[in-house]
Amino acid sequence: MLQIAGDGATVEGDIRPWHSATFVGMQHQLSLVIQGEHAAPRAAALAASLPEAEFAIRGHIVVDLAVDSVVHDGPDLSRLSLCVLTLEDW
């Protein structure tokens with residue numbers, strides 16, 4: 001995700017186990033912080049593209065990614081709140 005976000009981006013968040021009757025995985029609540037020049041347009045572009053992006057996570061498959069919010073804290077700082085569901089890839 002940081003490769004897609006580019007320079008000046010950081011990710012913070014919480015992960016908790018998730019399961020259904022047939023699947024086991026993890027639910028990720030993430031905050032993607034983008035700093036630097038053009039932070040707001042970069043955040044807007046990411047918010048539009050992340051739900052359809054492909055991710056390679058060893059042992060897991062990203063099955064859902066939702067952008068919950070995008071907040072611009074000035075011209076050089078934007079925050080995206082993300083919810084990601086991954087399933088174990090057996």
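What to note about this one:
- Residues (loosely packed, with under 11 Cβ neighbours inside 10 Å and either closer than 18 Å to Glu12 by Cβ or in contact with a strand residue (DSSP E or B) (Cβ under 9 Å, 6 or more places away or on another chain) (or both)) located in region 70-89: Asp89
- Residue count for region 1-43 under the criterion of being in contact with a Phe, Trp or Tyr (Cβ under 8 Å, 6 or more places away or on another chain) and part of a loop (DSSP other than H, G, I, E, B): the result is 1.
- Region 33-61 residues that are on the phi > 0 side of the Ramachandran plot and surrounded by fewer than 14 Cβ atoms within 10 Å (Cβ to Cβ), paired with ones that are in a strand (DSSP E or B) and not β-branched (Val, Ile, Thr) (beta carbon under 7 Å, 6 or more apart): Gly59/Glu88
- Selection over region 44-63 of residues that are within 10 Å of the chain's Cα centre (by Cα) and part of a strand (DSSP E or B) gives a count of 0.
- Candidates are the residues of region 64-90 that are at pLDDT below 90 and more than 21 Å from Gly6 (Cβ to Cβ); the one that is farthest from the chain's Cα centre (by Cα) is Trp90.
The values are calculated or read from the model by the stated rules, or taken from the named source; none is laboratory data. Just so it is clear, the model here is predicted, and its values are computed rather than measured. Note that we place each Cβ from the backbone using ideal geometry, even for glycine, and neighbour counts take in every protein chain shown.
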